[in-house]
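The values are calculated or read from the model by the stated rules, or taken from the named source; none is laboratory data. None of the values given here were measured: they were computed from a predicted structure. In this analysis, Cβ positions are derived from the backbone assuming ideal geometry, glycine residues included, and neighbour counts consider all displayed protein chains.
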Amino acid sequence: MGQPEELAEELPSRGRVGGSTRAGSLIGTLSCMSPEQLRGEHAQLDARSDLYAVGLLLFELLKLRHPFGGVEDPSVLATLQKELRLGGSRLLKAHPYQRLPPIEYLYFCGDLCTYKVEDRVPSAVVALQMIEALERGEVPVRCHLTLTKRMTRESGRWVERHPNTAFLAMVLGAVAVVAGLGVFAGMW
């Protein structure tokens, strides 16, 4: 690579067409555009459109695949965007070469990639606050996996605050299991 000035001189020889971008033209990767950007609704473009693209890229990093599978046809993308739901069983399918990423981050991607602009995370500041909450273990309950994570975390916090009571409960539980097994074995 050369210096910027050298690269600028080389660009015309690399097939770049001179002139500026035409107003209203689409620039960028179609499969990463927000629905409103793809529809050409430029007046609606704001931070939420950028966050939509961030959500798609984060999803791709976590799942090792793009939610749209590399489709670049605008009409097909528009249909896929309407049907895209980055939630539910779609999230639970792991890539063959990796284990399932943290489900709460996949739901976060879904919050960034809702079809309707008004349902999307409103700003990068709010998105960062959501990530910080996830990092602190504050997992919103959205499915059985997030419920399990939330219960496990809350149980651990309770044990930290009440270690003696937790130990006593564990011992009593073990005694009850052993006694139950003894009664069950005596019945046969």
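For region 150-170, state whether one or more residues are under 30 Å from residue 49 (Cα atoms), surrounded by 10 or more Cβ atoms within 10 Å (Cβ to Cβ) and β-branched (Val, Ile, Thr).
There is no residue in region 150-170 that is under 30 Å from residue 49 (Cα atoms), surrounded by 10 or more Cβ atoms within 10 Å (Cβ to Cβ) and β-branched (Val, Ile, Thr).
Residues that are in contact with a His (Cβ under 8 Å, 6 or more places away or on another chain), at pLDDT 85 or above and not hydrophobic (A, V, I, L, M, F, W, C): does region 65-75 have at least one?
So far as region 65-75 goes, no, none of its residues is in contact with a His (Cβ under 8 Å, 6 or more places away or on another chain), at pLDDT 85 or above and not hydrophobic (A, V, I, L, M, F, W, C).
Take residue 79 and tell me if it is modelled with pLDDT under 90 and within 21 Å of residue 143 (Cα to Cα).
Spelling it out, it is not the case that residue 79 is modelled with pLDDT under 90 and within 21 Å of residue 143 (Cα to Cα).
Tell me yes or no: at least one residue of region 52-60 is surrounded by fewer than 11 Cβ atoms within 10 Å (Cβ to Cβ) and either modelled with pLDDT of 80 or more or farther than 21 Å from residue 131 by Cβ (or both).
Within region 52-60, not a single residue is surrounded by fewer than 11 Cβ atoms within 10 Å (Cβ to Cβ) and either modelled with pLDDT of 80 or more or farther than 21 Å from residue 131 by Cβ (or both).
Inside region 98-185, counting only helices (runs of 4 or more DSSP H) that do not spill past its ends, which hold 2 or more residues that are under 30 Å from residue 39 (Cβ atoms), under 30 Å from the mean Cα position of the chain (by Cα) and of a type in the set (Phe, Trp, Tyr)?
The helices (runs of 4 or more DSSP H) meeting that bar are 103-112.
Right, residue 91: modelled with pLDDT under 85, of a type outside the set (Phe, Trp, Tyr) and not assigned by TED's automatic domain parsing to the domain that holds residue 153 or not?
yes
Across region 39-85, what is the total count of residues that are within 22 Å of residue 97 (Cα to Cα) and either in a helix (DSSP H, G or I) or free of Cβ contacts under 8 Å to residues at least 40 places away in the same chain (or both)?
Adding up the residues that qualify gives 15.
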